[in-house]
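The values are calculated or read from the model by the stated rules, or taken from the named source; none is laboratory data. Predicted model, so just to flag it, every value in this text is computed and none were measured. Don't worry about glycine lacking a Cβ; one is built from the backbone with ideal geometry, like all the others, and counts go over all protein chains shown. Accessible surface areas use protein heavy atoms only, side chains included; no ligands, DNA or RNA. Shrake-Rupley method; radii C 1.70, N 1.55, O 1.52, S 1.80 Å.
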Amino acid sequence: MTGEQMVALTRRHTLYEWSAQASVDPIPVARAEGVHFWTPEGKRYIDFNSQLMCVNAGHGDPRIVKAIQDQAATLAYANPFMATEVRARLGEKLAQLTPGDIDVFFFTNGGSEANENAMRIARLVTGRHKILARYRSYHGGTAGSLTLTGDPRRWAMEPGMPGIVHVPHPYHGIQRGSDTAAEALAQLEEIIMLEGAHTIAAFILETVTGTNGILVPPDGYLEGVRALCDRYGILLICDEVMSGFGRTGAWFAVDHWKVVPDILTMAKGLTSAYVPLGAVGIRRGIADHFQEKVFYGGLTYNSHPLGCAAALATIQVYEEDGLVQRARDMGGVMRGLLDALPDAHPSVGEARSIGLFGLVELVRDRATREPLAPFNGSSPEMQALGRFFRERGLYTFVRWNTFFTNPPLCISEADLREAFAIIDEGLTRVDASLN
Ligand code: PLP
């Protein structure tokens, strides 16, 4: 099929997510390898967003492909009431990788379902019903996880699930000055008091905020949240669907601050998206609640053997190739490239990153900090930048006044520099358009 046919047929007969269909303009993708993908006509793109911040191991790794093929040939499916070797091995492996006494896992099809189940577990264990979540967040597209979501994707679903209370974020993007950890914690404690601590089951947060701006928490914030949760008997749920599995230069972002959440949700990098799989990791003491009490939750594809096999092989690739360390090392190189942008380009308001999790915020005017596109909106300049990246074969997410730099963790320094050369050229055009 030609690229044009793919685009025409997918647009005619399938719905694209989060979009008015008349405005979608998908890139046809025929194959992918390493940090690149190609259209049917052979146009090459650098995948500078790991697709949806998920193909952490890189595309087409033969070790992961073979593990999936072998599992499909041996046992493609067994229902969730069965025991399988891959499920057994994956649970054991994740217990080793995840922090502290996180020891028990419930497998799902992806991140949204992981958060749905995390929320349910917290409610069942505590007997409380409210969940605190943050405004600058995305937790998924299903009913409960979309209600948890703080960003505008939630609006169309409102009022959503009862009992979810949004709290502010320790924000430190371009739109206003930084909140300190102490300010954010004081605000959080006040909200806990106002809502009634005894009504709050859990606080869910993205350890490092993903699509809402790669917001790295100030030191002391996560530790402080952990202490407040302990003080008030509130469970801490860290959503590491995007930040987990090496993305930030650690297995999980919480490892940077040595905080152990009560529940850790994951997906994306768990299988590098070769096969859909998510998981809820639970501390032993919390999971023990379900020794005598029923765990009310289930999915036909829970612990799907193909997903478990893909996850085991992906984790082995991270280990064999030292990809977590590589994300730290290449993250250092990327940090240098990002740090150089504001000096070279007046349109760059700020560039943030941790590991290979990065973002650039563009401004119309650095003095006034006016973003180059409004909150939840776009602008001719941002659209032109997106078109330029696409023309030049750089694929990344362009959102509002930001674009992302989230390549697969196997990226080489040469590929990083090639991508940044395109970024540099694109930003020079943006600068010129603002004069
Ligand atoms: N949580 C976070 C932080 C995410 O970034 C995402 C997806 O982007 C989700 C949850 C939802 O995961 P999924 O799309 O696999 O359901």
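The table below lists the values:
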item: Protection-proxy order for peptides 79-86, 262-269, 307-314, each taking the mean of Cβ atoms within 10 Å per residue, highest first; result: 262-269, 307-314, 79-86
item: Rounded to the nearest 10 Å², the accessible area of residue 378 at probe 1.4 Å; result: 60 Å²
item: Long-range tail of P(r) for region 126-212 (Cα pairs > 16 Å, %); result: 54 percent
item: 10 °C / 1.306 mPa s Stokes-Einstein diffusion coefficient of region 229-321, Kirkwood radius on C-alpha pairs, µm²/s; result: 109 µm²/s
item: Percent of alpha-carbon pairs separated by more than 18 Å within region 1-159; result: 76 percent
item: Distance (nanometres) between label positions extended 7 Å along Cα→Cβ at residue 329 and residue 194; result: 4.9 nm
item: Region 222-269: Rg to Rh, with Rh as the Kirkwood radius over Cα pairs; result: 1.00
item: Gaussian network model of the chain, Cα within-10 Å springs - most flexible of 368, 14, 98; result: 14
item: Percentage of interatomic Cα-Cα distances in region 280-435 larger than 26 Å; result: 45 percent
item: Dipole magnitude of the chain about its Cα centre (Cβ charges: Lys, Arg +1; Asp, Glu -1), debye to nearest 20; result: 720 debye
item: Extension gain from residue 387 to residue 142, taking 0.36 nm per residue of separation minus the Cα-Cα distance; result: 85.1 nm
item: The chain, accessible area per residue, ligands and nucleic acids excluded (1.4 Å, Å²); result: 41 Å²
item: Coordinate range along principal axes, alpha carbons of region 132-286, Å, largest first; result: 44, 41, 35
item: Accessible-area composition of the chain, carbon plus sulfur, in percent [1.4 Å probe]; result: 54 percent
item: Residue 320-residue 82 FRET efficiency (beta carbon distance; Förster radius 35 Å; 0.05 resolution); result: 0.75
item: Value of [θ]222 nm, deg cm²/dmol, for the chain, DSSP H segments ≥ 4, -39500 (n - 2.57) each, nearest 500; result: -12000 deg cm²/dmol
item: Qualifying chymotrypsin sites (Phe, Trp or Tyr not before Pro) for region 232-323 [loop in DSSP, other Cβ within 10 Å: at most 12]; result: 296
item: Rg [Å, one decimal], Dmax [Å, integer] - region 287-363, C-alpha atoms; result: 20.9, 62
item: D (Stokes-Einstein, µm²/s), Kirkwood Cα radius, region 81-174, 1.306 mPa s at 10 °C; result: 105 µm²/s
item: Cα convex hull of the chain - mean projected area over all directions, nm²; result: 20.7 nm²
item: Max mean-square fluctuation residue, GNM over the chain, Cα-Cα springs under 10 Å, options 412, 137, 19; result: 19
item: Rg in Å to one decimal, and Dmax rounded to a whole Å, for region 355-435 via C-alpha atoms; result: 12.9, 38
item: Length gained when the stretch residue 378-residue 183 is fully extended (0.36 nm per residue, less Cα-Cα span); result: 67.1 nm
item: DSSP bridge orientation in the chain - percent antiparallel, rounded to nearest 5; result: 65 percent
